[in-house]
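See below for the structure under consideration.
The values are calculated or read from the model by the stated rules, or taken from the named source; none is laboratory data. Computed from a predicted model, the values in this text were never measured in an experiment. Positions of Cβ are backbone-derived with ideal geometry, glycine not excepted, and every protein chain shown enters the neighbour counts. These accessible areas exclude ligands, DNA and RNA; they are computed on the full protein's heavy atoms, side chains included. Shrake-Rupley method; radii C 1.70, N 1.55, O 1.52, S 1.80 Å.
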Amino acid sequence: MMTGYFEGIAPLAHDPGAEGLAFRHYDPDEVVLGRRMEDHLRFAVCYWHSFGWEGGDPFGGATFERPWFPNDDMGRAKAKAEAAFELFRILGVPYFTFHDHDVRPEGARLAESHARLDEMADLFEAKMAAGGPKLLWGTANLFTNRRYMAGAATNPDPDVFAYCASVVRHCMGVTHRLGGENYVLWGGREGYETLLNTDLARETEQMGRFLSLVVEHKHRIGFKGAILVEPKPQEPTKHQYDHDVATVYGLLRRFGLEGEVQVNIEQGHAILAGHSFEHEIALAGALGIFGSVDMNRNDPQSGWDTDQFPNNVADVALAYYEILRLGGFTSGGTNFDAKLRRQSLDAEDLVAAHAGAMDVCARGLKAAAALLEGGALEEARAARYAGWARSDARAMLAPGATLAQIAERAEAEDLDPQPVSGRQERLENLVNRYV
């Protein structure tokens, strides 16, 4: 069954001189640092923004008129799936991602919702077997329904906690069945609006326990993929318990999960937390919990998560530089958690948005690879910390060293260290030669 929604749009090819829809920079077979570009970037199209979002905002209703709206019966859900796999084919992406709520309408009862997801999984399985993309990750929507208005795992009602356990167990099972390479837990409403009615200690305990249960279940069913938590500092709640990478790491350490759970980092969320995208990636790498990324951008004139497609090569290059320094993705990838502007109404707009974003990522990857291969940035970094290679410097950090011993050496040698330039502007100029 073809929806005809993308009728007349041929699969995109790498053609730098093309006038119409094409990839100018993304060539999946181009080798970068010894790997195919497709294997470096591991692109995924997200189901929710691309096919579930109707174009509404806080000040106006839906602007998109698509044949599968509204999401209220299985016939429309299957038509939406047909359109989704048409787009995947046109773009040639190797992966896609979804929430359970994206792909099927919620049932009147929990069992009906599960049965509907299974029915859609049958369709996905057939499409994937016929040459469709693989599943980068699945996740459960634990934030849209009004039952989650006070949180999911952190909800004051224990029946909501139990309901969530059922939803996540089932969605994990479908992800496992479809060969998903990760499973994501996004906090959604795992936070609070006011401390006046919140037991913060209790709620963080509940969140940690729920994460532990998810990890235990992963091993019980033999799921080999990574469990990923996606940090977000705000929206929809005033305070989120998974504010940023550092906060998530603290939670994982508290519950002994730092060896079991990684992070899925979104650029827009990093900005909302007051960080850069590359900072969050580098910190996750330093802490050993880097997993995957959601690639998008925010509008610098807006104070919220606008989920726009990436279009800044320099920003993307810095992110991929940190990813390449970590050795690249393993089970993770580049998921476009981005949506069209609500005035972009045409099917071609959805194709053009992804194609342009894939080109931006390709340019960023190649710039990052050239910068890393050139070595100048790493040489400058190594030179800045060269003093720590001295034996007396290493001894200060060794077990058994005391503050008194270190202080006495400084006094005995009459140390008078002088500042050395960090050369920031010269390093920024160096980066700009590549992007």
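Taking the chain, how many lysine pairs are there with alpha carbons less than 17 Å apart, if each pair must be eight or more places apart or span two chains? Please report the intermediate quantities before stating the final value.
Numbers: K78/K127; K80/K127; K80/K339; K134/K224.
Value for the chain: 4.
Region 406-435 and region 1-69 have Cα centres lying 45 Å from one another. Beta bridges assigned by DSSP with both partners in the chain are antiparallel in approximately 15 percent of cases.
Taking the Cα centre of each part, how many Å lie between region 165-228 and region 375-397? Centre-to-centre distance over Cα atoms comes out at 40 Å. The mean of 1/r over all distinct Cα pairs in region 101-225, once inverted, gives the Kirkwood hydrodynamic radius of 15.5 Å. When mean projected area of the Cα convex hull in nm² is calculated for this entry, the matching label among (1) 25.2; (2) 23.2; (3) 26.5 is (1).
Place +1 on the Cβ of every Lys and Arg and -1 on the Cβ of every Asp and Glu in region 32-147, take the dipole about the Cα centre, and give the residue among P67, S113, L136 whose Cα lies farthest towards its positive end. Working it through, the farthest residue towards the positive pole turns out to be L136. Amide H contacts of D337: M295, each under 5 Å away and 5 or more positions distant or on a separate chain (H built 1.01 Å from N in the peptide plane; Pro and chain starts excluded).
Subtract the Cα-Cα distance of T194 and N429 from 0.36 nm times their separation in residues, and report this length gain in nm to one decimal. Provide the component values of the computation, followed by the final result.
Working: separation 235, 0.36 × 235 = 84.60 nm, distance 4.55 nm.
The T194-N429 span can extend by a further 80.0 nm.
Only helical DSSP H runs with n ≥ 4 go in: add -39500 (n - 2.57) per run for the chain, normalise by residue count and round the 222 nm mean residue ellipticity to 500 deg cm²/dmol. Provide the component values of the computation, followed by the final result.
On the way: 15 runs with 192 residues, N = 435.
The per-residue figure over the chain is -14000 deg cm²/dmol.
The angle between the Cα long axis of helix 245-254 and the main principal axis of the chain comes to about 90°, on a 0 to 90 degree scale.
Placing dummy labels 7 Å off each Cα toward the beta-carbon, the span from E216 to R390 is 5.3 nm.
Given +1 at the Cβ of Lys and Arg, -1 at the Cβ of Asp and Glu and no other charges, the dipole of region 228-315 around its Cα centre is 260 debye to the nearest 20. Under a model in which nothing but the beta-carbon of Lys, Arg (+1) and Asp, Glu (-1) is charged, region 350-432 shows a dipole of about 420 debye around its Cα centre. Cα axis of helix 200-221 to longest principal axis of the chain: angle in degrees, 0 to 90, nearest 10? The two axes meet at around 70 degrees. One quarter of the convex hull surface built on the alpha carbon atoms of region 169-316 amounts to 9.6 nm², the projected area averaged over directions. Using a cutoff of 8 angstrom between alpha carbon atoms and counting only pairs six or more residues apart, the relative contact order for region 24-105 works out to 36 percent. Element breakdown for the chain at a 1.4 angstrom probe: carbon and sulfur atoms account for 52% of the accessible area.
Would you mind getting the accessible area per residue of region 21-139, heavy atoms of the protein chains only, 1.4 Å probe, in Å²? Don't skip to the answer; put the middle values down first.
Details: 4580 Å² over 119 residues.
Result: 39 Å² per residue.
At 0.36 nm per residue, minus the direct Cα-Cα distance, what do S276 and D416 gain on full extension? Give it in nm, one decimal, please. Walk me through the numbers before you get to the answer.
Working: separation 140, 0.36 × 140 = 50.40 nm, distance 3.48 nm.
Between S276 and D416, full extension yields an extra 46.9 nm.
Along the axis of the charge dipole computed for the chain (Cβ charges of +1 for Lys and Arg, -1 for Asp and Glu, origin at the Cα centre), the listed residues G17, G52, V174 are led at the positive end by V174.
Could you provide, to the nearest whole Å², the per residue accessible area of region 265-377 with probe 1.4 Å?
Working: 3830 Å² over 113 residues.
Result: 34 Å² of accessible area for each residue.
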